[in-house]
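Q: Can you keep this structure in mind? I'll have questions shortly.
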Amino acid sequence: RYFIPARNIVKEIISIGISPFAMNITGCIVAIFTNNALLANGGDLSVGAYGIANRLGFVFFMVIIGICQGFQPIAGYNYGARNMDRVKRVLRLTITASVIAMTVGWIVGEVFPGVCARLFTKDEQLIAISIRGIRINMLAFPVIGYQAVVTNFFQTIGKVRISIFMSLSRQLLFLLPMMLLFASLWGLDGVWASLPASDFVAFLVAVVIMQRFKMTANQSLEKPDSDS
């Protein structure tokens, strides 16, 4: 009898969960457009190459997912307790760890793309396409760590609108228009190039949003002192 749903708590849970839900749904839609663009500009082998590049990138992105899952309860608890010094410290450490992890992925992708591609296939033609795709796809990997952590941070502290915007902007607002434009200009290379280009623009947006949040957070903390 004590387990009676509280409407305000359920609403808060759903609102926080909307961001990753929307991101997953959008990811499926983007995958459809990406596969069609690759198929139209490079054929079946390009779709296979994208699968290889995507799986390789996801190996390193899983590291960020794990880091963010450990980061969220610490950041959320201390933000609720208004312990902003610890929030800033854990945010800084998480961003540093994530950027390092993705930089390692960038080095692997740029220096050893052939070795990575051969883990998935023995087809030399597919390997050749995958090598170019991996190198272009992973160009912006170091900045992805920052953008992912900042998106998770706003989800953690209940800033639902910001989190949803950051989750969807990279894929819907940036990636799809860039993919259509770049593919019309450069064909298959344009499809590949749209991926790191959208990642970099999303990173710049994350930097701007984070800086604005820091300014407003500092002002809100200073206000009680000035009133007293």
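Q: Kindly state, to the nearest 0.05, the FRET efficiency for residue 184 paired with residue 32, given R0 = 30 Å and r defined as their beta-carbon distance.
A: Working: r = 19 Å, r/R0 = 0.62.
The computed FRET efficiency comes out at 0.95.
Q: Of 99, 160, 143, which is the most mobile in a GNM of the chain whose springs link Cα atoms less than 10 angstrom apart?
A: 160
Q: On to the next question. Between the helical axis of 188-227 and the dominant principal axis of the chain, each derived from Cα atoms, what acute angle in degrees is found, rounded to the nearest 10?
A: Once rounded, one gets 10 degrees.
Q: Still on this structure, I have one more. Any idea what the relative contact order of the range 48-149 is, in percent, if you count C-alpha pairs under 8 Å spaced at least 6 apart?
A: Details: 98 pairs, mean separation 40.7, N = 102.
Once normalised by length, the contact order is 40 percent.
Q: Give me the distance between the Cα centres of the range 143-213 and the range 64-130, rounded to whole Å.
A: Using only Cα atoms to place each centre, the spacing works out to 15 Å.
Q: Sticking with this structure for a sec: Note the direction-averaged projected area, equal to a quarter of the hull surface, for the Cα convex hull of the chain, in nm². Display every interim value, and only then the final one.
A: Values: hull surface 62.2 nm².
So the mean shadow area of the Cα hull is 15.6 nm².
Q: Same structure again: In Å and on Cα atoms, what radius of gyration and Dmax does the range 1-104 show?
A: For the range 1-104, the Cα radius of gyration and maximum Cα-Cα distance read 19.3, 61 Å.
Q: Could you look at the range 110-205 and say what percent of its accessible area is carbon and sulfur, using a 1.4 Å probe and all protein chains?
A: Details: 2900 of 4290 Å².
Carbon and sulfur together cover 68 percent of it.
Q: If each of residue 128 and residue 96 carries a label point 7 Å out from its Cα toward its Cβ, how far apart are those two points in nm?
A: About 4.5 nm, to one decimal.
Q: May I ask you to list the trypsin sites (Lys or Arg not before Pro) in the range 71-132 that are in a DSSP loop and have at most 15 other Cβ atoms within 10 Å of their Cβ?
A: Values: sites: 82, 86, 88, 89, 92, 118, 122, 132; in loops: 82, 122.
Loop-located and lightly packed - 82, 122.
Q: A further question follows. Among all lysine pairs in the chain that are eight or more places apart or on different chains, how many have alpha carbons less than 29 angstrom apart?
A: 9
Q: Only helical DSSP H runs with n ≥ 4 go in: add -39500 (n - 2.57) per run for the chain, normalise by residue count and round the 222 nm mean residue ellipticity to 500 deg cm²/dmol. Each step should come with its number before you reach the end.
A: Values: 9 runs with 197 residues, N = 228.
After summing the helix terms and dividing by residue count, I get -30000 deg cm²/dmol.
Q: Per residue, how much accessible area does the range 73-163 have with a 1.4 Å probe, in Å²?
A: With all protein chains present, the range 73-163 gives 51 Å² per residue.
Q: Could you check how much of the accessible area of the range 1-107 is carbon and sulfur, as a whole percent, using a 1.4 Å probe? Spell out each step's value before the answer.
A: Working: 4580 of 6810 Å².
Roughly 67 percent, rounded to a whole number.
Q: Further question: Extending each Cα 7 Å along its Cβ direction at residue 119 and residue 165, get the distance between those two points in nm, one decimal.
A: 3.7 nm
Q: To the nearest 0.05, what FRET efficiency results for residue 103 and residue 14 with a Förster distance of 35 Å applied to their C-beta separation? Spell out each step's value before the answer.
A: On the way: r = 36 Å, r/R0 = 1.02.
Efficiency, from the Cβ-Cβ distance: 0.50.
The values are calculated or read from the model by the stated rules, or taken from the named source; none is laboratory data. In this text, all values refer to a predicted model and were calculated from it rather than measured experimentally. Cβ coordinates were reconstructed from backbone atoms using ideal geometry, including for glycine residues, and neighbour counts include every protein chain displayed. Heads up: the accessible areas ignore ligands, DNA and RNA and are worked out on the full protein's heavy atoms, side chains in. Shrake-Rupley method; radii C 1.70, N 1.55, O 1.52, S 1.80 Å.
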